[in-house]
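Heads up, the thing below is written out as structure tokens.
The values are calculated or read from the model by the stated rules, or taken from the named source; none is laboratory data. On a predicted model such as this, the values are computed, not experimentally measured, just so you know. Heads up, the Cβs are rebuilt from the backbone with ideal geometry, glycines too, and the neighbour counts pull from every protein chain shown. Ligands, DNA and RNA are excluded from the accessible area calculation, which covers all protein heavy atoms including side chains. Shrake-Rupley method; radii C 1.70, N 1.55, O 1.52, S 1.80 Å.
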Amino acid sequence: MYAIEVENLVRKFGDFTAVDNLSFSIKKGEVFGLLGPNGAGKTTTMSMLSTMLPPSSGKASVNGFDILKDQDNVRKSIGIVFQDQSLDEELTAYENMDFHGRLYRIPKSTRQKKITELLKLVELYDKKDNLVKTYSGGMRRRLEIARGLMHEPQVLFLDEPTLGLDPQTRNHLWDYIDKLNKEKGISIILTTHYMDEADKLCHRIAIIDKGKIIALDTSENLKNDIGGDVITIISPERDDLYSAIRSMPDIKNIELHDSSITIGIQNAEKHVAHIVNIASANNIEIKSLSINKPTLEDVFLHFTGRTIREEEANSKDKMRMIRKAGRR
Amino acid sequence: MDIVYTIWLRSVKRYIRSKSRLIGSLGMPLFLFLVLGFGLNSVVVMPGMEQGYIGFIMPGIISMSVLFTSVFAGIQIIWDKQFGFLKETLVAPVSRFEIMLGQTVGGATTAVIQGLIILGLSLFMGLEINNIPGFFVAIIFMTLIGLAFTAFGIAIASRMEDMHGFQLIMNFVIFPIFGLSGALFPIDSLPEWIRSLTLLDPLTYGVEGIRYGLLGTSQINPAVSFGVLSGFTILMVIVGSYLFRKISI
């Protein structure tokens, strides 16, 4: 049985299709990442899977329960950490946990034991009686994760779990999420637009752009698609350089972008000298040249032709326009 | 019932914790009481009222503080919506009706506490309660006002995006409800057309009911008041839960 199965899921807002015919399935015990820029449809997908938003068409099941017909069982099966904070700041950490436990009808003795156990796990037990409004961003995040685990969900939804956190806290959370998955066998679906995060945590990654999955595989395989290492060259005469070196043997793939050329090649160090030689033989100026092991950023660039940052700027404008149109 | 209790508990905890809100909301009723009560007591002659004008408006001021506290408690779910906490409740495996009911009972509880504080203070200022059963009659009416108008607040909040509309609601809905309710004047001496307006105002029946409980006299039969106000309360709970069910975040 799958933890999550999604079949041709569609969600439209007016004319805008936020999620476009999405299909994928997540195995039990898997950590699955939805990676994409802001406005790609990640949160909308999460909202539909958590029964917060009805899909326009298509179907999906979570822990074997249909998200439309069996909402209550879906809700019992999942724990969620939302992208935006969802704590009551006027209550203490303990009271927030207690409220959650009561909502999920956990009997009193189990509830108290669970709260203690989980607050210790996320290292907030010493501060359990402080009001949440005195907590830092990282502490709030940890509290939300602890809360999401309280009713022992089969599937944990993490929507941008480390957004806006400092690197140290992020690392801490990553270790923690990893531990949860390994020790408790919880299936996890997480969205992120940090490449390194998806890379570090997820068994499989779906790269999603404009509501569609454009690639879905393990991080290893996605990177192999690029063809080994990545050489990035910035040059004013990109077109000339491109035609000069494209026929070089060993090059797995070569792409011309707005400001750079990227080359996928095995053992890049060996070939750099050759590339530079070709360039100088043709009198082509090279402004900079760098070699790196491929990151998911490169993967995104490879599949969409855009970097995630470019995409982000565009989609923010788009979202703003949609929101304005919606108000009218 | 557990769920209703859970939500109720949260409302009451929040209320007790926000001391500034508690004290702040006493200001207006006390101010009205002092200015109108003592200011007009010597000029206004109330036929058949032993306790004078002060005694007459006291039930009105109590209803006012119950009204304002409960509407505000209902509208507060906008904060929950904006600060994200509402999601936490909505994604739990509980029905929206239970959530709405918990909010309503919680809001009504805080409103009644607020009303009782005013009532307590007015005892110090010389108000005399008619008899002990009357005191409980007053509490029943305060509870009904509290329930009805918290549900009313939730209904409004379910349709509102953010707090921007709050001032509008206060000025064009809540104040007229208070002003027309006969809290400050006897409805029998009004011109016919205003009188029919006041009879359309559900709060009128709350004020009259409390007045009957505390002073032993009222211009509307307390059984009628009870019937109308109960009906209005049930209607508001239905409307509120219907609109709350359709809330989306």
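Name the single residue that is most open to solvent (accessible area, probe 1.4 Å) among those in segment A:60-77 being over 22 Å from the mean Cα position of the chain (by Cα) and more than 14 Å from every other protein chain (Cβ to nearest Cβ).
A:K69
Starting from segment B:216-227, take each residue that is over 14 Å from B:G134 (Cα atoms) and list its partners that are part of a helix (DSSP H, G or I) and open to solvent by 60 Å² or more (accessible area, probe 1.4 Å), counting only C-beta distances under 7 angstrom and pairs at least six apart or across chains.
Matching pairs, first to second residue: B:Q219/B:D188.
Just checking, does segment B:196-208 include any residue being touching a Gly at 6+ places or on another chain (Cβ under 6 Å), more than 30 Å from B:K87 (Cα to Cα) and assigned to a loop (DSSP other than H, G, I, E, B)?
No, there is no match, as no residue in segment B:196-208 is touching a Gly at 6+ places or on another chain (Cβ under 6 Å), more than 30 Å from B:K87 (Cα to Cα) and assigned to a loop (DSSP other than H, G, I, E, B).
Just a yes or no: is a residue in segment A:158-165 among the acidic types (D, E), farther than 17 Å from B:T89 by Cα, open to solvent by 60 Å² or more (accessible area, probe 1.4 Å) and in the same structural domain as A:L34 (by TED's automatic domain parsing)?
No: zero hits.
I'm checking my understanding of the structure. Among residues of segment B:38-60 that are in a helix (DSSP H, G or I) and without any contact (Cβ under 8 Å) to a residue 60 or more places away in the chain, which one is most open to solvent (accessible area, probe 1.4 Å)?
Per the stated criteria, the residue is B:F38.
Of the residues in segment B:11-35, how many are more than 20 Å from the chain's Cα centre (by Cα) and open to solvent by less than 60 Å² (accessible area, probe 1.4 Å)? If you could, list the steps in order and put the result at the bottom.
Residues of segment B:11-35 more than 20 Å from the chain's Cα centre (by Cα): B:17, B:34-35.
Those still in the list that are open to solvent by less than 60 Å² (accessible area, probe 1.4 Å) too: none.
Of the residues in that region, 0 qualify.
Please go through segment B:89-136 and pick out each residue that is of a type in the set (D, E) and in contact with an Asp or Glu (Cβ under 8 Å, 6 or more places away or on another chain).
none
Among the residues of segment B:142-160, are any within 14 Å of another protein chain (Cβ to nearest Cβ), open to solvent by 20 Å² or more (accessible area, probe 1.4 Å) and either part of a loop (DSSP other than H, G, I, E, B) or among the polar types (S, T, N, Q) (or both)?
yes
With the requirement that a residue be more than 14 Å from chain A (Cβ to nearest Cβ) and open to solvent by 20 Å² or more (accessible area, probe 1.4 Å), what does segment B:61-95 give you?
Residues satisfying the conditions are B:F68, B:F72.
With the structure loaded, tell me whether A:I80 is part of a loop (DSSP other than H, G, I, E, B) and within 13 Å of chain B (Cβ to nearest Cβ) or whether it fails that test.
Numbers: part of a loop (DSSP other than H, G, I, E, B): no; within 13 Å of chain B (Cβ to nearest Cβ): yes.
So A:I80 does not fit the description; no.
Mind checking which strands (runs of 3 or more DSSP E) fall wholly inside segment A:190-250 and carry at least 3 residues that are closer than 30 Å to A:N283 by Cα?
The strands (runs of 3 or more DSSP E) meeting that bar are A:229-234.
Regarding A:P153, is this residue assigned to a loop (DSSP other than H, G, I, E, B), closer than 20 Å to A:Q83 by Cβ, touching a strand residue (DSSP E or B) at 6+ places or on another chain (Cβ under 6 Å) and more than 14 Å from chain B (Cβ to nearest Cβ)?
no
In segment A:96-109, what count of residues is obtained for those that are open to solvent by 30 Å² or more (accessible area, probe 1.4 Å) and either away from chain B (no Cβ under 11 Å) or acidic (D, E) (or both)?
Final tally of qualifying residues: 1.
I'm trying to understand the selection: among the residues of segment B:109-136, which are open to solvent by less than 50 Å² (accessible area, probe 1.4 Å), over 15 Å from B:A73 (Cβ atoms) and in a helix (DSSP H, G or I)?
B:I118, B:L119, B:G120, B:S122, B:G134, listed by residue number.
Conditions tested, residue by residue: (1) without any contact (Cβ under 8 Å) to a residue 40 or more places away in the chain; (2) within 14 Å of the chain's Cα centre (by Cα).
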residue: B:S181; (1), (2): no, yes
residue: B:S189; (1), (2): yes, no
residue: B:D201; (1), (2): yes, yes
residue: B:G209; (1), (2): no, yes
residue: B:Y212; (1), (2): no, no
